[in-house]
1. If we only count strands (runs of 3 or more DSSP E) wholly inside segment 236-310, which ones have 3 or more residues that are among the polar types (S, T, N, Q) and under 17 Å from ILE213 (Cα atoms)?
2. For segment 248-261, give me each residue that is away from the ligand (no atom under 16 Å from the Cβ) and either assigned by TED's automatic domain parsing to the domain that holds ASP196 or not polar (S, T, N, Q) (or both).
3. Which condition number does GLY245 fail, the rest of (1) surrounded by 21 or more Cβ atoms within 10 Å (Cβ to Cβ); (2) within 16 Å of the ligand (Cβ to nearest atom); (3) not acidic (Asp, Glu) being met?
4. Name every residue in segment 262-285 that is within 16 Å of the ligand (Cβ to nearest atom) and free of Cβ contacts under 8 Å to residues at least 40 places away in the same chain, in order of residue number.
5. Any residue at all in segment 76-90 that is of a type in the set (Gly, Ala, Ser) and in a strand (DSSP E or B)?
6. Against the conditions (1) away from the ligand (no atom under 16 Å from the Cβ); (2) on the phi < 0 side of the Ramachandran plot, where does GLY237 fall short? Just the number, please.
7. Applying the selection to segment 185-210, what residues are in a loop (DSSP other than H, G, I, E, B) and either over 10 Å from the mean Cα position of the chain (by Cα) or surrounded by fewer than 24 Cβ atoms within 10 Å (Cβ to Cβ) (or both)?
8. Can you tell me which residue in segment 286-304 is surrounded by the fewest Cβ atoms within 10 Å (Cβ to Cβ), limited to those that are more than 16 Å from the ligand (Cβ to nearest atom) and β-branched (Val, Ile, Thr)?
Amino acid sequence: MVNPRSFLVLALFFIFFNPSLGGLVSFNVLDSGAKPDGKTDSTKAFLNAWAAACGSVTPATVYVPPGRYLLLDTIFRGQCKNRAITIQIEGTLVAPSDYGVLGNAGNWLSFEYVDGVSIYGGILDGQGIGLWACKASGKSCPSGATSLSFTNSNNIVINGLTSLNSQLYHIVINGCQNVKVQDVRVSASRKSPNTDGIHVQLSTGVTILGAKIKTGDDCISIGAGTNNLWIENVACGPGHGISIGSLGKDLQEPGVQNVTVKTVTFTGSQNGVRIKSWGRPSSGFVKGVLFQHALMVNVQNPIVIDQNYCPNNQGCPGEVSGVKISDVTYQDIHGTSATEVAVKFDCSSKNPCSGITLQDVKLTYLNQPADASCVNAEGMASGLVEPTSCL
Ligand SMILES: *[C@@H]1O[C@H](CO)[C@@H](O)[C@H](O)[C@H]1NC(C)=O
């Protein structure tokens, strides 16, 4: 006779042991009651599957089969009993179509205080179109929610995820260490407001590889307190480019240091590689940036530093930026500008930009060399530089 207790242990073992996932315990959201119909609220089912994976003492997988799953604003919290949780998504996670439901939630799907979480695959549908229309109409509207955020978390992988039509930002990495964002797709209308593709702030050791981003705001935005960021093989456009900033929101602000942006293509975007700060006092700084191998295709501002940043000229602080920008290299940047001024350095009179290097830059406007404009910028040019450097 098999004793009932060991039978139960064996049964549980066979339910959760999934050889196709490399011997991890696996929790299928359908088993905890999720409905793949796109209409039934599956938030509790996802949270239960997460709780099971988080409580597992061995590496665990949350598995989301094909189908559409309606989720309300959801926080997946650490501290977990293991540091290897995989979320394998073959379906689409759908936000409520009525933007009043998320309202001012700020975040739709968020991970907080987690360590060792990897998301593979999946589509996030933020259903932002209604909220964008409300904002465009000038009515009073809720601010909305970022689709996916990781806060105060370490050792994170986001691989092969697609984010569609977020209400606000698509993906935010905030207060994290060691994050790999790989082969992510982002898609939203060129007119959608504040729909940054990937925003990084207060984080160290973030790598973004192979992203394809079409959106209405920055493709990638890099906020205060970002260190050791590596961006490579990114396609951006439509969108507002890859931006460091906006900085100088606060008087006391951590700096941005050691950023590499390499092998990127901008197509029809508002900006290419940009650094922006508000015109007001701040302890912030930008130091040690390499923009290398960029192709610009009909980009309005291919290379820009703007220390008088003030979109729509509304509520501009009108002071001198305290943000200190130094050691920024532009290497092998070529293509076409959609405006006459292809290189613009508008730096702070209090803290002029220093150590700016242009090397092998060739940007044209209507098949002619474009123009460059410099205010309070010091540095040097080497190799072929067109437009002629104003440094
Ligand atoms: C700069 O960041 C890269 C990762 O992007 C890292 O490999 C390198 O060690 C960092 N350099 C310094 C001096 O910290």
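The values are calculated or read from the model by the stated rules, or taken from the named source; none is laboratory data. Just so we're clear, the structure is a prediction, and the values are computed from it rather than from any experiment. Here the Cβ is made from the backbone with ideal geometry for all residues, glycine too, and neighbour counts use every protein chain on show.
1. Numbers: elements: 242-247, 256-267, 271-277, 285-299, 301-306.
By residue number, 256-267.
2. First, pick out the residues of segment 248-261 that are away from the ligand (no atom under 16 Å from the Cβ): 248-253.
Hits for segment 248-261 are GLY248, LYS249, ASP250, LEU251, GLU253.
3. Condition (2) is where GLY245 drops out.
4. LYS262, THR263, VAL264
5. Of the residues in segment 76-90, the ones of a type in the set (Gly, Ala, Ser) are 78, 84.
The next check asks that each one be in a strand (DSSP E or B); those that pass are none.
The answer is no, given that none of the residues of segment 76-90 is of a type in the set (Gly, Ala, Ser) and in a strand (DSSP E or B).
6. (2)
7. Taking segment 185-210 first, the residues in a loop (DSSP other than H, G, I, E, B) are 188-197, 202-203, 210.
Selection gives ALA188, SER189, ARG190, LYS191, SER192, PRO193, ASN194, LEU202, SER203, GLY210.
8. Taking segment 286-304 and keeping what is more than 16 Å from the ligand (Cβ to nearest atom), we get 294-304.
Add one more test, that the residue is β-branched (Val, Ile, Thr), and what stays is 297, 299, 303-304.
Details: VAL297: 16, VAL299: 29, ILE303: 30, VAL304: 24.
Out of the qualifying residues, it is VAL297.
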